[in-house]
1. Could you tally the net charge around Lys74, taking each other residue with its Cβ under 14 Å from the Cβ of Lys74, Lys/Arg +1 and Asp/Glu -1?
2. Heads up, I need the accessible area for Met96: 1.4 angstrom probe, whole protein in place, Å², nearest 10.
3. Taking a probe of 1.4 angstrom, what is the accessible area of Leu75 in Å², to the nearest 10?
4. If I stretch the segment between Asn72 and His124 completely, what's the gain in nm (0.36 nm per residue apart, minus their alpha carbon distance), one decimal?
5. Taking a cut-off of 20 Å between Cα atoms, list the lysines near Lys21, but don't count ones fewer than 8 places away on the same chain.
6. Among Gly94, Pro73, Ala62, whose Cα lies farthest out toward the positive end of the dipole of the stretch 62-104, if unit charges sit on the beta carbon of Lys, Arg (+1) and Asp, Glu (-1)?
7. Amide H neighbours of Val34 under 5 Å, counting only residues 5+ apart in sequence or on other chains, H built in-plane at 1.01 Å?
8. Taking a ≥ b ≥ c as the square roots of the Cα gyration tensor eigenvalues, with a/c under 1.5 meaning rounded and otherwise prolate when a/b beats b/c, else oblate, which class fits the stretch 1-100?
Amino acid sequence: MPMIGVFRRAVQPGHRDELGKSFRPVCEIWHERVPGILGAMVFADPHDENMVHDVRIFANKASYDAHVDKSNPKLVKAMEDWFSHYDTSVPHKGIMIAEDTSDPATRTSSIKDRPVQVNFFVFHYGRDDNCIGQVFGYDASRSLFLPIAW
């Protein structure tokens with residue numbers, strides 16, 4: 001089952017553009033090395049220039065784990081550069097949806113030397129009182145995402 005994270009994160013004042021620029025190299029490495037990343041996006045908050053919304057969609061727990069692979073120094077450096085623009089004094093808020101989140105790593109920051117406060121909800125597919133409906137079905141001939149006209 002996929003792992004999905006939707007978070008609202010604080011950015012250091014004046015760092016939003018740099019955060020966006022530093023996210024690109026991370027995405028390039030993910031695209032190159034982590035085939036299970038189905039989507040990774042960061043959106044500027046329309047009401048607060050020091051906040052962003054970040055969405056990550058992983059095919060499974062293995063792809064989630066691989067997206068923070070500490071054995072890849074290029075990825076570690078790119079993520080450190082990217083995270084240097086966040087305001088880590090403000091807790092990351094949002095939700096994570098997964099089949100199993102018993103691994104404590106799913107509830108902490110991936111940058112261990114820059115501790116980030118996390119304050120988000122964890123939901124499990126159909127296994128808790130908060131899942132009031134779901135539908136899943138994967139057909140390899142169909143895209144997971146609808147086409148977007150620009």
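1. Local net charge: -1.
2. Its accessible surface works out to 10 Å², give or take rounding.
3. Probe radius 1.4 Å; accessible area of Leu75 about 0 Å².
4. Here the segment from Asn72 to His124 would lengthen by 15.7 nm.
5. Lys74, Lys77
6. Sorting the options by dipole projection puts first Pro73.
7. none
8. Here the stretch 1-100 falls in the oblate category.
The values are calculated or read from the model by the stated rules, or taken from the named source; none is laboratory data. Not measured: the values here are computed from a predicted model. Every residue, glycine among them, receives a Cβ derived from its backbone with ideal geometry; neighbour counts consider all protein chains shown. Accessible surface areas use protein heavy atoms only, side chains included; no ligands, DNA or RNA. Shrake-Rupley method; radii C 1.70, N 1.55, O 1.52, S 1.80 Å.
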